[in-house]
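Here the structure comes first, spelled out in structure tokens, and everything after it is commentary.
What follows draws every value from the coordinates through simple rules; no lab data is involved. Note that the coordinates shown come from a computational prediction; the quantities given were computed from them, not determined experimentally. Ideal geometry is used to build each Cβ from the backbone, glycine not excepted, and the neighbour counts take in all protein chains shown.
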Amino acid sequence: MNPPPSQPARHTLDGAICVFLSEALILPTGLLTAAFLTRRLGSADYGLLTLAATLVAWIEWSVVSIFARTTIKFVSEADDWRPVGATVMQLHLLVSGGAMVLLWLLAAPVSALFREPALVTYLRLLALDIPLFSLASVHRAILIGLGDFRQRALAGASRPLSRLLLILLFVGMGFSVTGAILANIGASLVELLVSRFYVRPPLFHRSSFPIWQLWDYALPLFLFAVAMRLYDKLDLFALKALGGTAEQAGFYGAAQNLSLIPGSMVALALSPLLLSTLTRTLRAGNVDTARDMSGKAMRAVILLLPFAGVIAGASPEVVSLIFGAPFLPAAPLLGLLIFGALALVMISVTTAILTAAGKPGWTFALTGPMLPLAAAGHLLMIPWLGAIGAAVVNTFFAIVGAGVTAIAVWWVWRVFPSAVTLGRSVLTCGFAYALTVMWQSPGFWLLIKLPVVTLIVLLTFAALGEFNPRELSFVRSMVRWRTAR
């Protein structure tokens, strides 16, 4: 199932395109879902749904992150992946089941912390999603470890599509927040069933694979993932806990969701596939190829900076189009958070490189301090600046973390993003931001402006000499290769 050793970069790029397109469904479906829910639920109920879904999503991704990268690495290295798959499946079922029970028991005190009694019912219902989501994630990790990137993309596409359809059905029938929660649970079940069509790791089969081998890698990566998940949502929780209203949480949650959608698409499309390919490349002894791929992956993230500038410049129009005029207070928050989300993508890529290089412990050591530093920053800034203060703290420490992990990659492999590329990206970002702000495009005219400005960004990069002839030739060969397949 693995690609020929001579084509790791091409196979990874092809897989990344497929997974990105799959994850890109989050954008239209997520925007349609957000637009539908904000109008049907209102800011207060949408804020409660966002709080409940954010908390459960953090738990789910924390459970998933215990073995996600570890599973990819060990499956990529194994001659027979089934013992690894069986062990991970059983561990996921055990941990996710425990998390479900724990959330059920703690739903009341958590709701009391946020002074929202209705959260009890929502959290307990959403707890049922935890084991379904967790088991589906095991299948995704195994498919990536096997190099079956297209199958992973198809399985991933089933979730956002089914979630949108089920939300339209259940909420449209009048089930309100409960209907949206049931739709999330149904989407996880659909993804699990589709994933098992492609790969069937045994759930109850006794495995010969020793658990301790997983834990050697899993523990530091788990701590890293938990820290990142806490950091990712700390700003919203801190805003609410430090006196923010449900309406303010709704504004912040709307901006946060918009900022994380593009970053999540890129991170999910690039980091796991990069880890899988680097592991197989290093196993074949091609260290120079692995280093070259790592440098290109970091450069790709830097080249996304102008597109973050486009979103920041168009943030009032984006928020108005998707959520409506009542949610315009979310626009300045989006303008800040989009840069923090891009920095988190860089952290995801650099830590994947460090994991493939055999440094899993470095991931948490480098990023763990971000959490207490951000918590202190929120305590200082939120009482002073409110939601804007939370966004500033989130973005600042995400950028610091991205710089620290990039330096670590240089220390291990002497790979570092080009200062020239960084300079061109910053310059193009400023130009794209100014152009987007000056070109006002209310309503659906925004759907014309964004592609045009995106094309201008690409032409600007080309005019500055960022793309060399070899890269352009590679892109043309990729187009011919995909067409011929």
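Going by a ≥ b ≥ c, the root eigenvalues of the Cα gyration tensor, does segment 91-201 fall in the rounded group (a/c under 1.5), the prolate group (a/b larger than b/c) or the oblate group?
Working: a/c = 3.26, a/b = 1.50, b/c = 2.17.
Taking the square roots of the gyration eigenvalues as a ≥ b ≥ c, segment 91-201 is oblate.
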request  = Enumerate the calculated ³J(HN,Hα) couplings along segment 448-457 in order (Karplus 6.51 cos²θ - 1.76 cosθ + 1.60, θ = phi - 60°), each rounded to whole Hz, writing x wherever the residue is Gly or Pro.
outcome  = 8, 5, 4, x, 5, 5, 4, 4, 5, 4
key: Long pairs among K233/K359; K73/K449; K296/K449, criterion Cα-Cα beyond 32 Å   = K73/K449
remark   = Exposure proxy check on K296, K73: fewest-to-most Cβ neighbours within 10 Å is K296, K73
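Give me the net charge for the shell around P442: Cβ to Cβ below 12 angstrom, other residues only, Lys and Arg +1, Asp and Glu -1.
Numbers: positive: K449; negative: E317.
Charge balance near P442 sits at 0.
With an 8 Å Cα cut-off and a minimum separation of 6 or more residues, compute the relative contact order for segment 8-484 in percent.
Working: 669 pairs, mean separation 95.8, N = 477.
Relative contact order comes out at 20 percent.
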ask   = What per residue convex hull volume, in Å³, comes out for segment 357-456 when only alpha-carbon positions are used?
value = 160
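About the Cα centre, and with charges only on the beta carbon of Lys, Arg (+1) and Asp, Glu (-1), how big is the dipole of the chain? Nearest 20 debye, please.
On the way: 33 positive and 20 negative charges, 180 e Å.
Result for the chain is approximately 860 debye, rounded to the nearest 20.
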Cβ-defined net charge surrounding G253, 14 Å radius [Lys, Arg +1; Asp, Glu -1] = -3
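To two decimal places, what compactness ratio does segment 89-152 give when its Cα radius of gyration is scaled by 2.2 N^0.38 Å?
Working: Rg = 15.5 Å, N = 64, 2.2 N^0.38 = 10.7 Å.
Here the answer is 1.45, to two decimals.
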note = Out of L48, A419, V226 - ranked by how far each Cα lies towards the positive end of the dipole of segment 8-484, with unit charges on the beta-carbon of charged residues - the top one is A419
request  = Determine ³J(HN,Hα), in whole Hz, for all residues of segment 321-328 in sequence, where each value follows from phi through the Karplus function 6.51 cos²θ - 1.76 cosθ + 1.60 and θ = phi - 60°; x replaces Gly and Pro.
outcome  = 5, 7, 9, x, 4, x, 9, 4
query = Going toward the positive end of the dipole of the chain, with +1 on Lys and Arg Cβ and -1 on Asp and Glu Cβ, which of S294, L239, L373 do you reach last?
reply = S294
request  = Hand me the trypsin sites (Lys or Arg not before Pro) from segment 364-472 located in a DSSP loop with no more than 14 other Cβ atoms within 10 Å, in residue order please.
outcome  = R414
query = Once phi is turned into ³J(HN,Hα) by the Karplus curve 6.51 cos²θ - 1.76 cosθ + 1.60 with θ = phi - 60°, what whole-Hz value does each residue of segment 400-412 show in order, with x for glycine and proline?
reply = 4, x, 4, x, 5, 5, 5, 5, 5, 4, 4, 5, 7
